[in-house]
Amino acid sequence: MPKVTTIAELHLFQRQNRMRRSWSLVPTMGSLHEGHLQLIKQAFKENKVTFVSIFVNPTQFDNKADLENYPSSIEVDLQKIQAIDPNICVFIPSVETIYPDGVTVKKYDLQGLDKSMEGRFRSGHFDGVATVVERLFKLIKPDVAYFGQKDFQQLQIISLLGQSMGIQICSFPTVREQNGLAMSSRNRRLSRDRLEEAKLIYELLQWTKSNFSSHSIYDLKNIVVQKLSQTPNFELDYFEIAAEHNLLTTDSKKEGVSYRAFIAVVVDGIRLIDNMSLN
Ligand code: PAF
């Protein structure tokens, strides 16, 4: 399987495959789970060349411990990609390759999409994401890139970036554990008991969806927040309902707007996020 780590190796692979358009990219931070694998399979099915990048981006972590504890399993990741297809090109750059001028973050005008929810709780996170994704787009030059909907706010921000760079962004629904918990590389740090209890996040999103037409947003939020405040081991960062197109959180519904519920909970020090479309 082609595995490239330097820009010279990447350019060589690109030259060898320049006639085989279209090119797709699945950016990841490794520790691949079924959600990543489905994106990779889809990208490979729909394009002539598929790149998977594995890079734990330091500039999107506002919390040093979260970066240090981020799980890593490169050999297993490579085996999983190889099992999908040995022609997939894996790009594993060093920090110096991604940040040749030092580890700095660009400031973006993300049209307010970065202001609510994750943006409020993780200062600078989306500038860090946009910085690394823009760099990967410029290095790899994909026609299309694939992202999961679990990080819906990230997806909307990357869609904006993709638009400005002429790169198509494809998204896929969140893949879930058997109990409904959204798959995430962070899940593997949860104990068996917490993993089971964390299904509550999905259950609350589903409950919100089922009751969306009969309750006000204000009431829905109060009920969910109340429920979580009574749940031991769960610390709520936010539960919000926001319009899908601009991600502005709201307490009241407007006709013709698509809404989504967004949640972030810290369970035993591990931060879990999820979202669900409501109407
Ligand atoms: O979603 C992720 O894994 C990361 O935020 C991404 C898009 C690979 C950028 O580092």
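The values are calculated or read from the model by the stated rules, or taken from the named source; none is laboratory data. All values derive from a computational prediction rather than experimental measurement. Here the Cβ is made from the backbone with ideal geometry for all residues, glycine too, and neighbour counts use every protein chain on show.
Remarks
- Within region 16-31, the set of residues being within 16 Å of the ligand (Cβ to nearest atom) and either touching a residue at least 60 places away in the same chain (Cβ under 8 Å) or farther than 21 Å from Gly162 by Cα (or both) comprises Ser24, Leu25, Val26, Pro27, Met29, Gly30, Ser31.
- Look at (1) touching a Gly at 6+ places or on another chain (Cβ under 8 Å); (2) touching a residue at least 40 places away in the same chain (Cβ under 8 Å) and you find that Cys170 fails only one, number (1).
- Odd one out for Gln79 among (1) under 24 Å from Leu12 (Cα atoms); (2) in contact (Cβ under 8 Å) with a residue 40 or more places away in the chain: (2)
- When we screen Val56, Val95 for residues that are touching a Gly at 6+ places or on another chain (Cβ under 9 Å), closer than 24 Å to Ser123 by Cα and among the aliphatic types (A, V, I, L, M), the only hit is Val56.
- Meets criteria (closer than 26 Å to Ser123 by Cα and at pLDDT 95 or above) for Val257: no
- Residue in region 49-57 that is hydroxyl-bearing (Ser, Thr, Tyr) and within 14 Å of the ligand (Cβ to nearest atom) present: yes
- In region 93-125, the residues that are over 23 Å from Ser159 (Cβ atoms) and either among the basic types (Lys, Arg) or in a helix (DSSP H, G or I) (or both): Val95, Glu96, Thr97
- Scanning region 109-130 for residues that are aromatic (Phe, Trp, Tyr) and either without any contact (Cβ under 8 Å) to a residue 12 or more places away in the chain or away from the ligand (no atom under 14 Å from the Cβ) (or both) gives a single hit, Phe121.
- All positions within region 22-69 that are part of a strand (DSSP E or B) and of a type in the set (A, V, I, L, M, F, W, C): Trp23, Leu25, Val26, Val49, Phe51, Val52, Ile54
- The residues on offer are Leu39, Leu67, and the sole one that is free of Cβ contacts under 8 Å to residues at least 12 places away in the same chain, within 14 Å of the ligand (Cβ to nearest atom) and farther than 16 Å from Ile167 by Cα is Leu67.
- Given (1) crowded, with 18+ Cβ neighbours inside 10 Å; (2) within 13 Å of the ligand (Cβ to nearest atom), number of the condition Val95 does not satisfy: (1)
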